[in-house]
Every structure is written in C-alpha cells, then in structure tokens.
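The values are calculated or read from the model by the stated rules, or taken from the named source; none is laboratory data. Model, not experiment: these values are computed from the prediction. When we count neighbours, we look across all protein chains shown, and the Cβ atoms used for this are built from the backbone with ideal geometry, even at glycine.
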Amino acid sequence: MILTDEEKGILDGKNGEADRLAMELLVGVGESFGAKKLISISSAHILAHFGSLHQAGIDFLEKLAENGGKCKVPTTVDPSSVDFERWEKFKIPKDYMEKQKRLRTAVEQLGVIPSWSCTPYQAYNVPRFGQNIAWAESSAVAYANSVIGARTNRTCFGLDISAAIIGKIPEFGLYLDENRIGSLLFELKIDKFSDLDYHTIGAIVGKRSGAKIPVIKGIPKDVTNDQLKCLGSAAASAGAVALFHILDVTPEAKLKDPFDGKKPEEVITITQKDLRDMENMISNAEPNSRVEMVTLGCPLLSVEELKTIFDKMKGRKVKKDIYFWIYLTKETYDLGKKLGLITPLEKAGVWFSTQTCATISPVKIWGFSHIMTNSAKCALVTPSEHNLKVSYRDTNECIVTATEPL
Amino acid sequence: MKKLKEIIKGRGVTPGYVEGSAIISKQAFMFAHGVDPKSGDVTDIRSDILDKNIKGKVFIFPFGKGSTTGSAWFLETIREGNGPLAIINRETEPIIATAIIMAKLLYGIEIPLVDRLEKDISDIIKDGDMIAVDGNKGEVRIFAD
C-alpha cells in the first residue's frame, strides 16, 4: 500500500497512540486485501453493544479513548444491548449494565454521536450519493450502498472506529466501481405487496445471493424508504448482501445498466408461492404453541411505521398473559410522544424501548420459548441468539396475537 | 522426529510460525454466535464442526461469513485464551484479519493467517494431523505420519 507522508507519520506515532493503533489496523487490513491506498470518508457508523463486543470490545474502545482518540468525521453508533433508561424494567442484570455503560463512556469520549440507532440514515448521519463512508451494521450498509448510492463495505468491529478516528479507510471491495456491478437478476411476479413481503423478498434475495450483488426487477416505483430499509435488513442477514440494485428505483440502476452490459449469471423468478414458502421457512415454532412475547421494531421504527401501528391498535389492549415490546429510536419515541402516539399505547400495555432491540439485548434472561415478530432479520437472528422459537407474521397478526378488544 | 512430506505455497496475511494439529470445516464459518469465547467450542447449529473445539488448533475453513460483530467475538475468544493457533482460509476476509491484528495490538498474541494455497488442503489432511503454518513465508508444511 502506498501511504502519504502524513499517514506514515501517524503510523510512527506523531499524532499519539490512539491514532497510531487505528492506523496500524487500517494499514494491516488494507495490505491483506490488496488496497493500493487509503481514501477519505465522509462519515462512520460503529458498533458498541456489549452483547457482541464482550470484554475484548471494551478493551479496544477504552484503549483508544484513554489514549486521546477522537473521531475525525461524523460518527454514529449502533443500538446498545440495553435500554439506558428502562434497563431495570427489562430485568437487565446490574453487572451487564455496567459493562454497557463502560462502552457508552468510551464512545462518548471518542466523540461519537450517541444515537444508538441502526437507522443512522434517517437522522444525524445521512450520506450523499457517491460518498465514501465506513459503516458497520449490515442493514445500514445495505441501505447506504443501495438506496442512497454511498459506498461502504460491511465494516467490521475494530475497523469501524479506526476509520472514524483517522477519517480514512483502505480502498477495496465496494469502494471500487468494478465491484458494484450486479450478477444475479431477481424477477418478481407479484401483484400486490404487503409490508411483510418486503422482508420476505429480502430474505429470498439474501439467501440466494450470498455475497453476490443482486438486481431486483418488479418493485413498485412508489416503494417507501421504510420498505426498502426492511428489504435490505432481511437481505443482509439472510445472506451477506451489502449492495442491491432495484431497476427504476435505486440510483445506480437508474443511472446505468447495473449489469454493465453483461448478461446476468442467473435469472431467478420470485412468485407469491415463493414468498409463502420463505415465510414458513423463517418461522420455526410449532403452529399452535403459545406465543409469550410479540416484538416489533427491527430495524428500529420510524415515525411513519409507529403511526401505522397506532392506527391498528385503536380500541385494543395487550392481553394479560403476553408481552408486547416495540423498539424505536429515542428520536422517534420523542416525536411520537408529541404526536400523541406513545402515551395511549403505553396505557394499553405496550412496552416501548429505545436505543436497543430484541435481537441484541439479553432477552434470554426472560426464558421465553416462543416469540413472534414481523421482521425477517429478527426472526432469522434471534433463535440462535436467545435459544427460542420464532413465528414470523405480518404486523396485523402480531397485533391480533398480542392484544384483545378493550 | 517429524518428517516433512509436502510444502504448499500460499499467501501470508499475518505473520508468525506455529506447529499444531488441524481442525477442518468445509463450510464458511461465522464467529458471531458461532463460537463460545469462554471455551472455544463451536456453537453454530448449522456448522459441520458443531461442538468441536478450536482452541490451540490450526483452524482450516474456506471463508468467513456472518455479522460484522464477528471480529469482536473472535477477539474475545483469543483474549480468553481459547483462540486457534493459526488459521488457513481459501480466501480470508476483513472480519478475521481485523481480529488477528487487534489481538496483536491489544494482547501481544500472534496468530499466523495464510490463504490462497495452491491446492485445497482440506482434501489432503484430516482432523488431528500435525501441520506447520508459516505466516511470514505464506506457506503450510505437512508432515509424514
């Protein structure tokens, strides 16, 4: 890799120990993956939830913070493993909470915007088309690359904060034009799309694509940003999709042929039946076993999604023998409260939780054996995380399962 | 004494030289929820080496997969003293390389990583065979029984 004099200076410790460590990691990874140089980034998004980072993650972030590391570019942080305000209500053990607090202190010292959200592109960290960024969080990576046309790899823990501190990332993978060309074509033969269908389409595309770049044909032009958010989150967790193109919808596919003049390696048709089959595959619970908890908000809810849930909840309350947990950003919660969407639902028995989610918090301690969700990502990840069974259903069925008429 | 049977050339990604017994997975491997850092046991229910242990072994698998938190899971496994002695991939990925470089920076632990071998080593050796991994030269040595 060819480094500038300034970069070599950082590697020699001219900017202090934190920058030196971050630079060593960037250069080490860059050399491993054939990067020719480091490129500037306009923003970063990092991981700091204790559930996955463990003590080793604390060690690394604290080392950078104690040695004076500071983010050089706007940097947001993915959800925490606990709700900082409601952790006692959610039965989080005190020592677990202390670990998450250490991570919070470290990221705040490093100058990270404490957003604790998996949807940074909806607030505080909105990239422009073509900008190079270094983001972690697979669903946000899929959204930024695909829907916005910014450029990032699936930046892993360690590399994410190092890029934020230096303001640079090795140039490889999706930063290069030639690696953004589609190879598989998915043709949708579907007339009417429900919200759940976007998750399910994402899951099918993710499973069939692995790490290849899918191109999707047949998504309505009026698809919402939230629906694309859900599609991307499912594709990223069912496979390793970091970038997808949608004909007539996503920017790179609008500007040029996403196959760059070549024929797709394979054309895959998705029918209504394929959606139902995938729904059944994602659910792994016995159909008649009792649901103990219903959860919505993976990815974290936007205000629009909260409005939809509020409308469907009118005249209903949560059943006595079931928990109904809804996850959203702190900002969505506060805005929703101003709109009068929060208090009535809380009175009806809904537990809201902010800056965390069911997938990455220690839900295991509740001992649930069967939960229900309207998110393919949550349904795909949660069983191995929390050792439980999942039913994957649309928002209506989730609400009908969790609630009863007043 | 060990008798050298074969040297297979590849690419050294991270430095170091070790000799140890092999554990082989033929599938892409995920560290996030795929390994228990407290023991080194493989916990991914879909893995072909489920319930086997990677601690102190030369761990051979084709590719990495899974969440970008994998580098933290792998780093924690190394911190707990349950990491592999070395890694051989067909084509490695940033999650794995990042964790190994962080382990050196934070804990001074060196794990050689070699990939792009001239031939598929998982066809030549089996679990428990003694091999040497040289991350400096980018090669693997197989010994006769």
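For this structure, a couple of remarks:
- Some residue of the range B:19-36 being of a type in the set (A, V, I, L, M, F, W, C), within 11 Å of another protein chain (Cβ to nearest Cβ) and assigned to a strand (DSSP E or B): no
- Extreme residue, farthest from the chain's Cα centre (by Cα), among residues of the range A:29-51 that are facing another protein chain (nearest Cβ under 8 Å) and modelled with pLDDT under 95: A:Ser32
- Residues (assigned to a helix (DSSP H, G or I) and either in contact with a His (Cβ under 9 Å, 6 or more places away or on another chain) or surrounded by fewer than 16 Cβ atoms within 10 Å (Cβ to Cβ) (or both)) located in the range A:356-380: A:Val363, A:Lys364, A:Ile365, A:Trp366, A:Ala376, A:Lys377, A:Ala379
- Total residues in the range A:130-162, condition in a helix (DSSP H, G or I) and either within 12 Å of chain B (Cβ to nearest Cβ) or surrounded by 24 or more Cβ atoms within 10 Å (Cβ to Cβ) (or both): 13
- Among the criteria (1) closer than 27 Å to A:Leu3 by Cβ; (2) in contact with a helix residue (DSSP H, G or I) (Cβ under 6 Å, 6 or more places away or on another chain); (3) free of Cβ contacts under 8 Å to residues at least 24 places away in the same chain, the one A:Trp87 does not fulfil is (1).
- Condition met for B:Pro84 (away from chain A (no Cβ under 12 Å), surrounded by fewer than 21 Cβ atoms within 10 Å (Cβ to Cβ) and of a type outside the set (A, V, I, L, M, F, W, C)): no
- Matching residues, the range A:55-82, being under 25 Å from A:Ser40 (Cα atoms) and touching a His at 6+ places or on another chain (Cβ under 6 Å): A:Thr76
- Odd one out for A:Val303 among (1) under 23 Å from the mean Cα position of the chain (by Cα); (2) modelled with pLDDT of 95 or more; (3) not assigned by TED's automatic domain parsing to the domain that holds A:Thr329: (3)
- Conditions (1) in a loop (DSSP other than H, G, I, E, B); (2) within 29 Å of A:Pro170 (Cα to Cα); number of the one not met by B:Met102: (1)
- The requirement of being in contact with a strand residue (DSSP E or B) (Cβ under 9 Å, 6 or more places away or on another chain) and more than 14 Å from chain B (Cβ to nearest Cβ) is fulfilled somewhere in the range A:5-12, by at least one residue.
- For A:Ala123, the criteria (1) at pLDDT 95 or above; (2) under 18 Å from the mean Cα position of the chain (by Cα) hold in every case but one, which is (1).
- Residue in the range B:87-99 that is surrounded by the most Cβ atoms within 10 Å (Cβ to Cβ), counting only those that are more than 9 Å from chain A (Cβ to nearest Cβ) and assigned to a loop (DSSP other than H, G, I, E, B): B:Asn89
- Residues of the range B:41-60 that are in a loop (DSSP other than H, G, I, E, B) and within 14 Å of chain A (Cβ to nearest Cβ): B:Thr43, B:Asp44, B:Ile45, B:Arg46, B:Ser47, B:Leu50.
- B:Asn136 vs. criteria part of a loop (DSSP other than H, G, I, E, B), touching an Asp or Glu at 6+ places or on another chain (Cβ under 9 Å) and modelled with pLDDT of 95 or more: no
- Any hit, the range A:101-110, residues being within 14 Å of chain B (Cβ to nearest Cβ) and among the polar types (S, T, N, Q): no
- Restricting attention to the range B:1-22, the residues that are surrounded by 21 or more Cβ atoms within 10 Å (Cβ to Cβ) and either more than 23 Å from A:Val29 (Cα to Cα) or of a type in the set (A, V, I, L, M, F, W, C) (or both) add up to 2.
- Only one of the numbered conditions (1) within 14 Å of chain B (Cβ to nearest Cβ); (2) part of a helix (DSSP H, G or I); (3) farther than 22 Å from A:Thr359 by Cβ is violated by A:Glu178, and that is (1).
- Candidate set: the range B:89-116, residues that are charged (D, E, K, R) and in contact (Cβ under 8 Å) with a residue 40 or more places away in the chain; chosen: the one farthest from A:Ala163 (Cα to Cα): B:Arg116
- Subset tally (residues that are of a type in the set (A, V, I, L, M, F, W, C) and within 12 Å of chain A (Cβ to nearest Cβ)) for the range B:1-18: 1
- Residues located in the range A:150-180, provided they are farther than 19 Å from A:Leu53 by Cβ and hydroxyl-bearing (Ser, Thr, Tyr): A:Thr152, A:Tyr175
- B:Asp145 vs. criteria in contact with a Lys or Arg (Cβ under 8 Å, 6 or more places away or on another chain) and at pLDDT below 95: no
- Residue match in the range A:381-394 (condition: more than 21 Å from A:Asp321 (Cα to Cα), in a helix (DSSP H, G or I) and out of contact with any helix residue (DSSP H, G or I) (no Cβ under 9 Å at 6 or more places or on another chain)): yes
- For A:Ser384, the requirement of being crowded, with 17+ Cβ neighbours inside 10 Å and either in contact (Cβ under 8 Å) with a residue 40 or more places away in the chain or within 24 Å of A:Lys91 (Cβ to Cβ) (or both) is not met.
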